[in-house]
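Heads up: the structure comes next, in structure tokens.
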Amino acid sequence: MKPILFELGPINIYGYGAMIGIGIIAAFLMAMKRSEKYKLNADNVFNIGVIALIGGVIGSKLLFFITEFEYIIENPKVMLNFAEGFVVYGGIIGGIIAGFLYCKIKKLDFLAYFDLIIPSIALAQGFGRIGCFLTGCCYGRETHSWIGITFHESLYGPNGVSLIPTQLISSGLNFIHAFILVMIARKKKNDGVVAACYLIFYSVGRFCVEIFRNDPRGSVGALSTSQFISIFMFIIGVIMLIIVTKKKTLVKETIVVEEVSKEENIESIDMTEEK
């Protein structure tokens, strides 16, 4: 781990910020490149990405304030520190809402753009979790297993203790997630499937990883805040997948009915002419 990657005179380049920056750039490049294949306007993709990014930052901050309310009351200066205090789920929710509102205003097909952009989000999250590892936040439980890692310069986690590398596990899962979503996008037959799969896969993965985390991050009863949100995200994803899949089926059935109706009308006309 390395909280400070390098120094440029009086300026420190932090590992967390650098990985977030790399993740954002990679996400935009990936989305812009894939927009050509799926014939979606690159300018719209860029604009939605910027709006979603802004909404994501606001959402992640708001959820941090909500989940860490008591801590913030005791340490109000935390609210002024822009370099820390983000909750991923808040960013996801805020980004989706911002993107949806933009598409609504511009009268764009939200699900089509959502499907295109969402694999890039998973990619960015993969880099972001590497940033967590470099900083030492979002750490796991103590372990004596061979997979344990020991921090010596962590700014947030315990140093000198073997911990489960939940950051790297999350990072690996996010990169795999991005790859799977891209594969699903190639096979999808209707808009919304990729987005729904993202919600389902991410919520399951996040719920499981949370079991092994040991950093302070808020709780709802016996569950962590993220596990609690994961349950609803999973349900939303499943419902969304059913709806978008059923919608395609209904469209096909409607087309078939219309074609049958046209054929019956033609046959009726032919019979009338014969008479």
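Rounded to the nearest Hz, the phi-derived 3J(HN,Hα) couplings of segment 38-54 under the Karplus curve 6.51 cos²θ - 1.76 cosθ + 1.60 (θ = phi - 60°) are 9, 6, 10, 4, 5, 5, 5, 4, 4, 4, 5, x, 5, 4, 5, 5, 4, where x marks glycine and proline.
Converting phi to 3J(HN,Hα) with the Karplus coefficients 6.51, -1.76 and 1.60 and the offset θ = phi - 60°, segment 225-232 yields 4, 5, 5, 4, 5, 4, 4, 6 Hz in sequence order, with x at every glycine or proline. For segment 32-60, backbone nitrogen atoms closer than 17 Å to the point 7 Å from Lys107 Cα along Cα-to-C-beta are found at 41, 44. Remark on Ser219: its backbone amide H falls under 5 Å from those of Thr225, a criterion applied only to residues 5 or more positions apart or on other chains, H modelled at 1.01 Å from N.
Annotation for Ile25 and Asn159: the two label points, set 7 Å from Cα along the Cα-Cβ direction, are 3.0 nm apart.
Separation of the alpha carbons by more than 32 angstrom is noted, of Lys61/Lys187; Lys2/Lys104; Lys106/Lys247, for Lys61/Lys187; Lys2/Lys104. Once the C-beta distance of Ile73 and Ser219 is scaled by a Förster radius of 22 Å, the resulting FRET efficiency is 0.80 to the nearest 0.05. Extension gain, Asn190-Thr245: 0.36 nm per intervening residue step, less the Cα-Cα distance, totals 19.1 nm. In order along segment 117-125, the phi-based Karplus estimate (6.51 cos²θ - 1.76 cosθ + 1.60, θ = phi - 60°) of 3J(HN,Hα) comes to 7, 4, x, 5, 5, 4, 4, 4, 5 Hz; Gly and Pro are listed as x.
Each residue, Phe65 and Phe212, gets one label point 7 Å from its Cα in the Cβ direction; the gap between the two is 3.4 nm. Taking amide hydrogens as placed 1.01 Å from N in the peptide plane, the amide H of Phe212 sits under 5 Å from that of no residue at least 5 positions away in sequence or on another chain. Residues whose amide H lies under 5 Å from that of Tyr38, counting only those 5 or more places away or on a different chain, are absent; hydrogens are built 1.01 Å from N in the peptide plane.
Bear in mind that the values in this text are calculations on the coordinates, not laboratory data. Bear in mind that the values here come from a model prediction, so they are computed numbers and not experimental data. Positions of Cβ are backbone-derived with ideal geometry, glycine not excepted, and every protein chain shown enters the neighbour counts.
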